[in-house]
């Protein structure tokens with residue numbers, strides 16, 4: 001008759017076997033760039049045996065950072081993405097944190113076209129938990145909000161309202177602040193014909209349509225008129241700020 005000690009030993013041995021099986025499956029999935037399968041395997045290891053997860057992080061950094069020929073986003077020609085990009089897209093914040101902090105994956109690394117990095121992907125797919133982590137916890141964010149990458153992030157944010165709200169309310173991005181030639185979130189709402197974003201920024205965030213919004217001193221109303229954004233112009237002219 002098996003004692004409780006025997007059962008405990010057997011259970012422990014079975015758990016160790018399960019961990020080893022998961023380690024082997026994870027390494028195989030990473031090698032073959034099957035990131036959809038790799039994600040839950042890594043999550044299991046992080047929960048059951050973080051030491052094993054860290055061991056893989058140390059030995060398999062190459063695979064963590066490799067881009068997957070088969071991983072495609074929604075753009076017509078597709079984009080090669082890394083395991084980090086996949087985890088960001090799925091809002092797997094625990095995996096994203098592990099890949100960045102333990103595996104030294106860089107969230108500012110872009111896809112093969114040099115456009116979308118982890119920040120832009122998080123905005124586009126409204127991966128809110130990941131977005132909060134990237135903006136509030138990662139050191140590269142400050143240098144990110146300038147240049148073409150910033151413009152890509154802002155252009156996606158005004159077309160994805162949940163991400164826009166997250167950037168403003170949770171990530172402390174001021175919608176009126178200009179970032180060099182890139183302009184502000186308010187600029188991008190007009191530029192990309194996002195009336196939902198424009199109304200949110202004016203009505204809920206109290207952005208001033210008559211404040212200077214670009215390096216040439218134009219107001220957001222002037223920018224809308226200059227670009228023939230008739231719907232935006234009509235809305236801006238109807239706001240209480242202008243009527244008053």
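Some points to look at:
- R0 of 45 Å, Cβ-Cβ distance residue 136-residue 16: FRET efficiency to nearest 0.05: 0.75
- Each label point was placed 7 Å from the Cα along the Cα-to-Cβ direction; for residue 238 and residue 37 their separation is 5.5 nm.
- Peptides ranked, highest mean first, by Cβ atoms within 10 Å: ranges 82-94, 217-229: 82-94, 217-229
- In terms of the mean number of neighbouring beta-carbon atoms within 10 Å, the peptides 97-107, 186-196 order highest first as 186-196, 97-107.
The numbers here are math on the coordinates, done by the rules we state, and not lab data. Values in this document were obtained by computation on a predicted structure and should not be read as measured data. All Cβ positions, glycine included, derive from the backbone under ideal geometry; neighbour counts span all protein chains shown.
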